[in-house]
Amino acid sequence: MRDHPWRIVPASRGMSVLYLLAGVLMAVNAVWQLRTGVAVLPVVSALAALALVVTAVVGLARPDSRTHTH
């Protein structure tokens, strides 16, 4: 069996842009929910949004890090 490592960086520029848009929408939603007070779920959502945005930026800034399928 071949070992298939997990790839986090999106495979294409389009997917990176989609990740970026999703991350920004999640961040805006988390900030909107945090206006009324600090709760656990919006904080977790904000952290997930940050991770998604970072992943998208890496995919856009470093094309050589994208997954190449053969």
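The values are calculated or read from the model by the stated rules, or taken from the named source; none is laboratory data. Being a predicted model, the structure only gives us computed values, none of them experimental. Reconstructed Cβ throughout: ideal geometry from the backbone, glycine too, with neighbour counts over all protein chains shown.
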Regarding the stretch 53-63, can at least one residue be identified that is out of contact with any Phe, Trp or Tyr (no Cβ under 8 Å at 6 or more places or on another chain), modelled with pLDDT of 85 or more, exposed (fewer than 12 other Cβ atoms within 10 Å of the Cβ) and outside any loop (DSSP other than H, G, I, E, B)?
yes
Of those in the stretch 1-52 that are hydrophobic (A, V, I, L, M, F, W, C) and not in a helix (DSSP H, G or I), the residue modelled with the highest pLDDT is Ala39
